[in-house]
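Following: one structure in structure tokens, then a few remarks.
The values are calculated or read from the model by the stated rules, or taken from the named source; none is laboratory data. Quantities reported herein were computed from a predicted structural model and do not represent experimental measurements. For neighbour counting, all protein chains shown are included, and Cβ atoms are generated from backbone atoms with ideal geometry for every residue, glycine included. In case anyone asks, the SASA skips ligands and DNA or RNA and just uses the protein heavy atoms, side chains included. Shrake-Rupley method; radii C 1.70, N 1.55, O 1.52, S 1.80 Å.
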Amino acid sequence: MKHPVTRRRRAQALIGIVAVTALAATACGGGGGSSKKKYSPSNKAVTEVVNQSPKKGGTLKLVSSDKFDSLDPGDMYYASAWNFSRLMARPLLTFKPAPGNASYEFAPDLATEVGKTDDGGKTWTYHLRKGVKYEDGTEVKAADVKYAVERTFDKEILPNGPAYFSQYLDPDGTYKGPYKDSAPDKLGLNAIETPDDYTIIFKMKEPFADFNYLAALPQTAPVPPAKDTGKEYVKHPLATGAYMVDGQYEPGKAVNLIRNPHWDPNTDPLRKALPDRIELLEKQDANDVDNRLFAGTAQLDVVGTGVQAAAQNKILTDEKLAANSDDAVSGALAYLAISSKTPPFDNVHCRRAVQYAVNKAQMQRAVGGEVGADIATNLMPPTLAGSKVADMYPNGEKHTGDVAKAKDELKQCGKPDGFSTVLTARSNRPKEVAGATSVQNALAKVGIKIEIRQYPSGDYFTQFAGVPKWVADNKVGIMFMQWGPDFPTQFGFFQQIVDGRAIKPAGGTNLSELNDPAVNGLIDQATRTIDQNASAAIWQQLDQKVMESAVMVPFAWTKSLLYRPPNVTNLVVTPAYSGMYDYLNIGIQ
């Protein structure tokens with residue numbers, strides 16, 4: 001579900017060391033040597049909807065430590081943005097607002113039912129609900145959905161977001177998007193047909209059994225061609241959901257939502273539309289975000305990746321706070337992406353040296369200890385069917401690093417005395433910064449000198465780590481990354497981070513720039529394999545193949561310790577959106 005060099009790097013490194021120390025104290029849910037009694041999160045919202053209420057009215061106040069990568073449904077990739085966007089935008093399908101595995105079930109949204117195929121997965125048909133209107137009162141038409149999908153082809157205008165539609169609807173890359181379309185109506189992609197105002201048909205050359213997951217992406221939320229302003233559309237995307245942007249969105253400042261006067265609950269069985277107004281403050285200090293939640297002056301942290309070290313300690317030593325918390329399995333993998341292009345990491349042995357040298361136990365403490373993560377030794381999260389734990393690079397019984405093996409790999413890559421490289425992390429994620437300091441300390445033991453550079457998460461993929469030219473120009477070797485499946489399948493997890501065809505000029509998530517024909521071929525083979533057991537075996541083979549290349553260092557399958565103030569209603573953890581709270585129907589007492 002995705003930072004120039006800081007002038008205060010030494011101070012920030014010291015902060016990172018302090019953060020590692022503080023988080024180490026909470027590794028087992030405690031406060032280090034504290035004699036305070038320890039409490040476990042209630043986890044009620046993991047299994048049920050908490051504080052169910054139909055009460056309407058009031059202002060829901062949300063906070064975030066950064067800004068969205070985009071508020072344009074066609075140009076977003078963070079799970080938090082996908083989750084939040086459903087307040088305003090209606091894709092063809094969405095995921096059911098329900099606890100546990102039920103959240104993985106499709107719920108028809110703009111469409112009347114889940115998509116159908118009658119030719120083995122090459123052609124998918126959807127019928128739109130009649131009477132759905134934009135905030136300006138005009139009715140949504142199938143051509144608007146076609147246009148919305150077409151515009152995502154142009155990565156110069158919309159660099160964020162996955163590239164599934166262009167890859168599978170136009171595998172030859174002949175269609176460049178509506179901004180370059182010579183057709184009078186700007187609807188020139190032949191792979192999408194709209195035989196009438198309420199029917200849309202997607203046609204592919206090869207079968208794709210998971211296409212309904214693509215229909216659940218925010219990229220299928222309709223956009224009327226006459227109202228599209230390209231890069232400026234982010235400031236006020238035209239709403240079809242229960243809420244609309246009040247005025248214009250100012251990225252990095254605030255998002256204010258008010259009721260959409262033309263939203264009709266008779267056409268929308270999913271949304272309850274409880275608050276009168278929703279206010280989101282962006283780029284707030286991460287620790288201050290937690291304090292606002294405790295004080296009840298804010299109801300939710302929109303980032304949804306869990307509280308920081310100090311707040312975690314408070315929750316686990318306070319019975320009342322623990323009763324309002326949930327330790328949610330995110331289904332995401334935290335890993336180090338090693339550039340396969342930046343010297344000397346273009347040599348596999350230099351990459352393998354990092355695999356052996358890192359201290360995964362300390363990195364686990366950096367992301368919250370046992371409450372925050374389980375140590376990862378391979379790529380596929382255990383939440384996915386067919387996952388099989390393996391450890392190709394064992395680095396000590398307690399995962400604290402194997403200096404001897406790391407130094408041997410350095411000799412084999414021609415760098416026996418080590419080398420220097422650059423590591424990036426997201427500045428507004430203290431846990432990630434603490435983890436970066438851990439990597440710096442561990443690699444120093446084998447002679448690899450790390451320079452840590454921090455960048456804001458909202459721009460991390462569009463301007464920095466996700467831009468191959470920037471990575472090359474800045475000689476970046478290692479990038480912190482956390483990745484949850486775009487949808488709960490092996491394909492949804494792997495394709496955008498290891499498939500060479502997913503590498504983009506900007507906004508990419510294959511940060512290692514892995515482009516291995518064998519890996520690409522395994523993806524195609526698994527996608528065409530109908531038998532689930534046979535398919536799972538192929539994905540396991542792919543996991544092993546990528547680990548052999550050593551371009552990704554998995555260190556944690558993450559969990560998120562979430563806090564919910566008692567005045568928030570209808571809260572449920574949604575695995576479909578990386579284990580954060582479902583934002584679709586929350587309200588306030």
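Give segment 161-185 a look and list any residue that's closer than 15 Å to Val223 by Cβ and crowded, with 19+ Cβ neighbours inside 10 Å, or say none. Write out each step before concluding.
In the first step, residues of segment 161-185 are kept if they are closer than 15 Å to Val223 by Cβ; the result is 161, 165, 177-179, 181, 185.
Listed by number, the residues that qualify are Gly161, Phe165, Gly177, Pro178, Asp181.
Return the total of residues in segment 485-495 being buried (at least 24 other Cβ atoms within 10 Å of the Cβ) and either basic (Lys, Arg) or in contact with a strand residue (DSSP E or B) (Cβ under 9 Å, 6 or more places away or on another chain) (or both). Even if it seems obvious, please write down each step before you answer.
Filtering segment 485-495 for residues buried (at least 24 other Cβ atoms within 10 Å of the Cβ) gives 485-486, 490, 493-495.
Next, from what is left, pick out any that are either basic (Lys, Arg) or in contact with a strand residue (DSSP E or B) (Cβ under 9 Å, 6 or more places away or on another chain) (or both): 485, 493.
Residues in segment 485-495 being buried (at least 24 other Cβ atoms within 10 Å of the Cβ) and either basic (Lys, Arg) or in contact with a strand residue (DSSP E or B) (Cβ under 9 Å, 6 or more places away or on another chain) (or both): 2 in total.
Just wondering, is there one or more residues in segment 299-307 that are part of a loop (DSSP other than H, G, I, E, B) and of a type in the set (Asp, Glu)? Walk me through it before giving the result.
Narrowing segment 299-307 to residues part of a loop (DSSP other than H, G, I, E, B): 299, 302-307.
Now narrow it down to the ones that are of a type in the set (Asp, Glu): none.
So far as segment 299-307 goes, no, none of its residues is part of a loop (DSSP other than H, G, I, E, B) and of a type in the set (Asp, Glu).
Among the residues of segment 48-79, write down those that are at pLDDT below 95 and not in a loop (DSSP other than H, G, I, E, B).
Ala79
Could you list, in sequence order, the residues of segment 146-157 that are more than 19 Å from Arg90 (Cα to Cα) and either crowded, with 18+ Cβ neighbours inside 10 Å or basic (Lys, Arg) (or both)? Break it down into steps so the answer makes sense when it comes.
Step one: filter segment 146-157 for residues more than 19 Å from Arg90 (Cα to Cα), giving 153-157.
Selection gives Phe153, Asp154, Lys155, Ile157.
Would you confirm whether or not segment 17-30 contains a residue that is under 27 Å from the mean Cα position of the chain (by Cα), over 20 Å from Arg365 (Cα atoms), crowded, with 17+ Cβ neighbours inside 10 Å and at pLDDT below 95?
no
Here are Asn324, Asn378, Asn347, Asn313: which of them is buried (at least 23 other Cβ atoms within 10 Å of the Cβ) and among the polar types (S, T, N, Q)? Talk me through it step by step, then tell me what you get.
Values: Asn378 fails: buried (at least 23 other Cβ atoms within 10 Å of the Cβ); Asn347 fails: buried (at least 23 other Cβ atoms within 10 Å of the Cβ); Asn313 fails: buried (at least 23 other Cβ atoms within 10 Å of the Cβ).
Result of the check over Asn324, Asn378, Asn347, Asn313: Asn324.
Looking at (1) surrounded by 16 or more Cβ atoms within 10 Å (Cβ to Cβ); (2) closer than 19 Å to Ala390 by Cβ; (3) at pLDDT below 95, which one does Val551 not meet, given that it meets all the others?
Tallying (1) surrounded by 16 or more Cβ atoms within 10 Å (Cβ to Cβ); (2) closer than 19 Å to Ala390 by Cβ; (3) at pLDDT below 95, Val551 fails exactly one: (3).
Within segment 421-446, how many residues are open to solvent by 20 Å² or more (accessible area, probe 1.4 Å), touching a Leu at 6+ places or on another chain (Cβ under 8 Å) and modelled with pLDDT of 95 or more?
Counting residues in segment 421-446 that are open to solvent by 20 Å² or more (accessible area, probe 1.4 Å), touching a Leu at 6+ places or on another chain (Cβ under 8 Å) and modelled with pLDDT of 95 or more gives 1.
Would you confirm, using the coordinates I've provided, whether Phe480 is more than 14 Å from the chain's Cα centre (by Cα) and in a strand (DSSP E or B)? Working first, answer last.
Values: more than 14 Å from the chain's Cα centre (by Cα): no; in a strand (DSSP E or B): yes.
For Phe480, the condition - more than 14 Å from the chain's Cα centre (by Cα) and in a strand (DSSP E or B) - is not met.
Looking at this structure, is Tyr213 assigned to a helix (DSSP H, G or I), among the hydroxyl-bearing types (Ser, Thr, Tyr) and open to solvent by 10 Å² or more (accessible area, probe 1.4 Å)? Write out each step before concluding.
Values: assigned to a helix (DSSP H, G or I): yes; among the hydroxyl-bearing types (Ser, Thr, Tyr): yes; open to solvent by 10 Å² or more (accessible area, probe 1.4 Å): yes.
The answer is yes for Tyr213.
Per-residue answers, yes or no, for (1) closer than 30 Å to Ser535 by Cα; (2) assigned to a helix (DSSP H, G or I):
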site	(1), (2)
Ala143	no, yes
Pro162	yes, no
Tyr175	no, no
Tyr179	no, yes
Glu232	no, yes
Gly241	no, no
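So, in segment 325-354, exactly how many residues are out of contact with any strand residue (DSSP E or B) (no Cβ under 6 Å at 6 or more places or on another chain) and under 27 Å from Val255 (Cβ atoms)?
Looking only at that region, the number is 1.
Can you tell me which condition Lys130 does not meet? The list is (1) in contact with a Ser or Thr (Cβ under 8 Å, 6 or more places away or on another chain); (2) surrounded by fewer than 20 Cβ atoms within 10 Å (Cβ to Cβ); (3) not in a loop (DSSP other than H, G, I, E, B), and all the others hold.
(3)
If Asn520 passes every condition in (1) surrounded by 15 or more Cβ atoms within 10 Å (Cβ to Cβ); (2) not basic (Lys, Arg); (3) not in a helix (DSSP H, G or I) but one, which one does it miss?
In the conditions (1) surrounded by 15 or more Cβ atoms within 10 Å (Cβ to Cβ); (2) not basic (Lys, Arg); (3) not in a helix (DSSP H, G or I), Asn520 misses (3) alone.
Just the residues that are among the acidic types (Asp, Glu) and crowded, with 17+ Cβ neighbours inside 10 Å, please, taken from segment 280-308.
We begin by selecting, within segment 280-308, every residue among the acidic types (Asp, Glu); these are 282, 285, 288, 290, 301.
If the condition is that a residue be among the acidic types (Asp, Glu) and crowded, with 17+ Cβ neighbours inside 10 Å, then Glu282, Asp290, Asp301 are the ones that fit.
Scan segment 363-416 for residues that are among the hydrophobic types (A, V, I, L, M, F, W, C) and assigned to a loop (DSSP other than H, G, I, E, B) and jot them down. Spell out the reasoning first.
Kept after step one, since they are among the hydrophobic types (A, V, I, L, M, F, W, C), are these residues of segment 363-416: 363, 366-367, 371, 373, 375-376, 379-380, 384-385, 389-390, 392, 403-404, 406, 410, 413.
Those that are among the hydrophobic types (A, V, I, L, M, F, W, C) and assigned to a loop (DSSP other than H, G, I, E, B): Val367, Ala376, Leu379, Met380, Leu384, Ala385, Val389, Ala390, Met392, Cys413.
Across segment 483-512, what is the total count of residues that are assigned to a helix (DSSP H, G or I) and within 15 Å of Ala337 (Cβ to Cβ)? Walk me through it before giving the result.
In the first step, residues of segment 483-512 are kept if they are assigned to a helix (DSSP H, G or I); the result is 490-498, 500-502.
Going one step further and asking which of them are within 15 Å of Ala337 (Cβ to Cβ), we end up with 493-494, 496-498, 500, 502.
Total meeting the criteria: 7.
Just a yes or no: is a residue in segment 109-118 within 23 Å of the chain's Cα centre (by Cα), open to solvent by less than 60 Å² (accessible area, probe 1.4 Å), at pLDDT below 95 and not polar (S, T, N, Q)?
Checking segment 109-118: not a single residue is within 23 Å of the chain's Cα centre (by Cα), open to solvent by less than 60 Å² (accessible area, probe 1.4 Å), at pLDDT below 95 and not polar (S, T, N, Q).
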